[in-house]
């Protein structure tokens with residue numbers, strides 16, 4: 001084992017690296033670079049927004065969405081369609097991400113866990129501004145100098161509320 | 001504007017037109033809550049949502065908070081959610097289990113059938129003034145009845161029974177139950193909830209509308225002209241466009257109007273699905289019903305079925321949708337998956353997956369519908385033309401046994417039928 005300071009420094013560096021990755025990730029949504037955003041997911045990656053607090057099962061209980069890459073692609077291709085009525089005019093969004101915690105990677109596991117908190121503002125001209133927020137849970141996979149998302153779970157604080165239509169991913 | 005109840009209203013509905021006040025006027029909305037929701041049969045919930053004694057589920061009948069309970073003797077009751085003492089809403093949690101309900105204000109305590117169990121500091125009520133177990137209880141709703149577990153309630157003791165009110169729609173519930181290999185269904189897998197700033201009747205009308213999909217939902221179609229594939233093993237998504245972008249008519253599917261405002265979409269073509277899950281399901285049905293009856297069950301004769309005024313059911317991807325009016329221009333919709341008991345577990349997972357994509361607040365289909373409902377409310381703020389037009393029609397056939405009128409898919413006959421019923425319910429004194 002090396003100097004204990006080395007481990008602390010390594011943790012700091014990986015946390016910073018993960019933070020930068022996540023800031024870029026949610027920024028792609030704000031910039032409407034949906035195709036680039038999907039490319040951050042692993043081939044078998046999933047993107048999930050539960051409809052219940054503490055929901056641990058996306059199969060037996062409904063969710064706001066639970067998308068594999070194919071569904072993500074369908075969902076976001078729709079946002080490019082000239083007659084996507086629910087998004088005329090389109091939303092402007094601003095994601096902020098914080099409280100990023102990187103779990104110590106398990107050398108045996110393919111992916112490692114990251115949790116964070118987020119706030120997303122959603123403004124559709126003529127419709128007032130809405131705010132969404134809650135917790136992100138990721139599993140990330142190291143891929144060269146960056147990461148791939150094995151799973152992203154966005155649990156809204158009010159995930160079980162009666163929502164108006166939500167079109168832009170969190 | 002509305003001046004008084006009754007006769008005035010007949011000018012709001014003609015053979016082919018409905019006046020904008022029907023959607024906009026808060027006084028009309030108040031009257032709807034009284035004459036449609038507080039005097040007729042309204043869907044409340046499913047018995048499987050309160051399986052054990054003490055289980056309860058809070059909901060509303062029109063504007064009134066109610067609680068559906070399972071009493072210690074196994075009976076399902078629907079209670080007014082208010083204390084007999086000073087009117088405070090007693091049950092605050094949406095769902096749960098309780099031996100008794102205790103009012104937060106002065107501690108009055110009720111049995112799960114709504115009867116007053118005991119009053120705190122009873123010495124304050126001398127002889128002749130003691131609260132009465134029933135009169136001062138929470139109050140049971142006058143009539144509660146159920147079919148295949150689907151619980152309906154009627155605040156009024158007057159008028160037809162549930163089966164008479166539902167007519168041929170009873171078969172829809174029975175067919176749904178028959179499509180479960182164990183012959184029973186249950187509500188499972190949670191609830192999708194969404195709301196929109198528009199009138200509740202827009203959702204009802206939309207559920208009998210086969211004219212809108214290619215236009216409203218175009219963004220969910222692919223360059224092939226078909227919508228995304230919903231169920232693994234399906235041959236393709238719903239066809240919106242034929243070659244050269246021409247809209248494919250849904251006329252051949254048909255739409256039906258039934259007495260009392262109920263309606264159906266479809267028949268639909270027989271399910272052609274080649275997945276192993278579906279084959280497993282078919283095998284289980286055949287084991288129970290035999291081949292011929294199974295074939296009948298799998299030929300879905302209806303798509304959305306409306307139980308006027310507040311529920312719609314779908315058999316193809318089994319779920320029910322409950323319409324909860326909040327104000328003339330605000331509506332909540334709750335969508336509950338239905339589990340077919342005895343069907344393969346993986347089939348329910350498929351249902352959940354499809355419903356996420358079509359019916360959640362962030363789905364790829366429903367979002368366009370609620371946009372249409374909100375824009376209808378906005379558009380009807382204009383006064384240049386005070387009417388909406390429901391004039392589309394096609395050849396009609398009448399089934400004398402059930403009173404069902406069937407027409408072409410894009411006919412607005414079902415909507416005209418909704419408003420004929422609306423007028424007759426609203427005009428009762």
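The values are calculated or read from the model by the stated rules, or taken from the named source; none is laboratory data. Please read all numbers here as calculations on a predicted model, not as lab measurements. When we count neighbours, we look across all protein chains shown, and the Cβ atoms used for this are built from the backbone with ideal geometry, even at glycine.
For this structure, a couple of remarks:
- Given (1) farther than 27 Å from residue B:373 by Cα; (2) at pLDDT 95 or above, number of the condition residue A:156 does not satisfy: (1)
- Segment A:72-103, residues that are assigned to a helix (DSSP H, G or I), under 17 Å from the mean Cα position of the chain (by Cα) and more than 7 Å from every other protein chain (Cβ to nearest Cβ): A:72, A:73, A:76
- Qualifying residue in segment B:209-222 (condition: buried (at least 20 other Cβ atoms within 10 Å of the Cβ), within 14 Å of chain A (Cβ to nearest Cβ), in a strand (DSSP E or B) and touching a helix residue (DSSP H, G or I) at 6+ places or on another chain (Cβ under 7 Å)): no
- Unique match (being surrounded by fewer than 22 Cβ atoms within 10 Å (Cβ to Cβ) and either within 30 Å of residue B:281 (Cα to Cα) or without any contact (Cβ under 8 Å) to a residue 12 or more places away in the chain (or both)) among B:131, B:126: B:126
- Within the set A:66, A:132, the sole residue that is more than 10 Å from chain B (Cβ to nearest Cβ) and modelled with pLDDT of 95 or more turns out to be A:132.
Results for (1) under 28 Å from residue A:14 (Cβ atoms); (2) surrounded by 18 or more Cβ atoms within 10 Å (Cβ to Cβ), shown as yes or no for each residue.
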site	(1), (2)
A:60	no, no
A:69	yes, no
A:72	yes, yes
A:78	no, yes
A:84	no, yes
A:88	no, no
A:92	no, no
A:97	yes, no
A:102	yes, yes
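- Of B:394, B:403, B:342, B:357, all but one fail to be touching a residue at least 40 places away in the same chain (Cβ under 8 Å), buried (at least 20 other Cβ atoms within 10 Å of the Cβ) and either over 20 Å from the mean Cα position of the chain (by Cα) or within 14 Å of chain A (Cβ to nearest Cβ) (or both); the exception is B:357.
- Segment A:52-66 residues that are over 22 Å from residue A:164 (Cα atoms), paired with ones that are in a loop (DSSP other than H, G, I, E, B) and modelled with pLDDT of 95 or more (beta carbon under 7 Å, 6 or more apart): A:60/B:189
- Residue selected from segment B:232-267 under the condition within 13 Å of chain A (Cβ to nearest Cβ) and either assigned to a loop (DSSP other than H, G, I, E, B) or within 25 Å of the chain's Cα centre (by Cα) (or both), by the criterion farthest from residue B:279 (Cα to Cα): B:240
- With respect to (1) touching a strand residue (DSSP E or B) at 6+ places or on another chain (Cβ under 9 Å); (2) within 13 Å of another protein chain (Cβ to nearest Cβ), the lone exception for residue B:311 is condition (2).
- The residues on offer are A:54, A:106, and the sole one that is within 16 Å of residue A:152 (Cα to Cα), modelled with pLDDT under 95 and not in a helix (DSSP H, G or I) is A:54.
- Here residue B:110 fulfils each of the conditions (1) in contact (Cβ under 8 Å) with a residue 40 or more places away in the chain; (2) over 21 Å from the mean Cα position of the chain (by Cα); (3) surrounded by 18 or more Cβ atoms within 10 Å (Cβ to Cβ) apart from (1).
- The set of residues from segment A:137-170 being in contact with a helix residue (DSSP H, G or I) (Cβ under 8 Å, 6 or more places away or on another chain), crowded, with 21+ Cβ neighbours inside 10 Å and more than 14 Å from chain B (Cβ to nearest Cβ) comprises A:138, A:140, A:147, A:149.
- Of all the criteria given as (1) assigned to a loop (DSSP other than H, G, I, E, B); (2) more than 13 Å from chain A (Cβ to nearest Cβ); (3) crowded, with 20+ Cβ neighbours inside 10 Å, the one not satisfied by residue B:189 is (2).
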